[in-house]
Amino acid sequence: MINFNIAQWRAWAPGLESVDDWRAWSRQPVVPPVSDAAPDVSFLPAMQRRRLSRLARMAFSAAWPLAEGRADLPLVFISRHGETPRTFEILKDLAADQPLSPTQFSLSVHNAVIGLWSIMRGETSEMTALAATGDGLEHGMLEAAALLNEGEPAVLLVITEEQPPSVYAHWVDDVPFPYAVGLLLTRGEDWQLALSSPPDPMPGCDWPHALDLVRTLLGNQTTCQHAWKNRLWTWQRNR
């Protein structure tokens, strides 16, 4: 069991940019229309923006405002599938015996986002990139809690997923739409996260854990539970 505060949070998805947008969605969650829209990252110089995929733009859009005014802020980045559009294009080039782009390859690896974050912010704090299963959010929370326990005053956690290419639809069915959620975590007792093993298998969530947490943050409920395989995670809001 871990305790923490969620000092601030932000989220972005196509058509869901403001708190009011997310509040309306949380009351009646639906899959938004398919869109190529990407978040506004005009706070970055144009040369830097051009290097960012939509996955990276979503991560920066959710996380950058949370980091403003905070130096030496550790980052935990979570994505189950990562840069699938980039890697798919690389695989197509391989299949066609085409030369590979070193830039595309370097930006496709799982820790590329935190590398870009470090460069663009001049940030040298500890950073971790995780690729977990359906409960990657909770594994990221454990990583963040360990950093807080070691004395860090705050930790930035960002989880994001891009819509995979349609060829993956048979295997990847847990990304209803592209999204990013950022949490600024501090030490405290406002929230509690506990892990248990239910005696019987439980049905999974209707939405990815991060999106379900957004619904909890915007609602009046004090508890939400996320089941994944033989793990049951209970989020408890104490105030």
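A few notes on this one:
- Heavy-atom accessible surface of the stretch 71-227: percent carbon and sulfur, 1.4 Å: 52 percent
- Helix-only arithmetic for the chain: the sum of -39500 (n - 2.57) across DSSP H runs with n ≥ 4, divided by the residue total, places the mean residue ellipticity at 222 nm at -9500 deg cm²/dmol.
- Between the alpha-carbon centres of the stretch 10-70 and the stretch 194-208 there is a gap of 29 Å.
- Cβ-Cβ distance of Phe43 and Arg70, R₀ of 22 Å, FRET efficiency by 1/(1 + (r/R0)^6): the value works out to about 0.90.
- Per DSSP, loop trypsin sites (Lys or Arg not before Pro) in the stretch 28-75 with at most 10 further Cβ within 10 Å: Arg50
- Spin-label model, Val31/Arg239: points 7 Å from Cα along the beta carbon direction are separated by 4.1 nm.
- Separation in nanometres of the label points that stand 7 Å from Cα toward Cβ, at Arg23 and Asp174: 3.1 nm
- Projecting label points 7 angstrom from Cα along Cα→Cβ for Ala194 and Gln221 puts them 1.7 nm apart.
- GluC sites (Glu not before Pro) restricted to the stretch 97-171 and DSSP loop, no more than 10 other C-beta within 10 Å: Glu150
- Loop-exposed chymotrypsin sites (Phe, Trp or Tyr not before Pro) per DSSP, neighbour cap 15 Cβ within 10 angstrom, longest uninterrupted part of the chain: 44-170
The values are calculated or read from the model by the stated rules, or taken from the named source; none is laboratory data. Computed from a predicted model, the values in this text were never measured in an experiment. As a convention, Cβ positions derive from the backbone with ideal geometry for all residues, glycine included, and neighbour counts pool all protein chains shown. Ligands, DNA and RNA are excluded from the accessible area calculation, which covers all protein heavy atoms including side chains. Shrake-Rupley method; radii C 1.70, N 1.55, O 1.52, S 1.80 Å.
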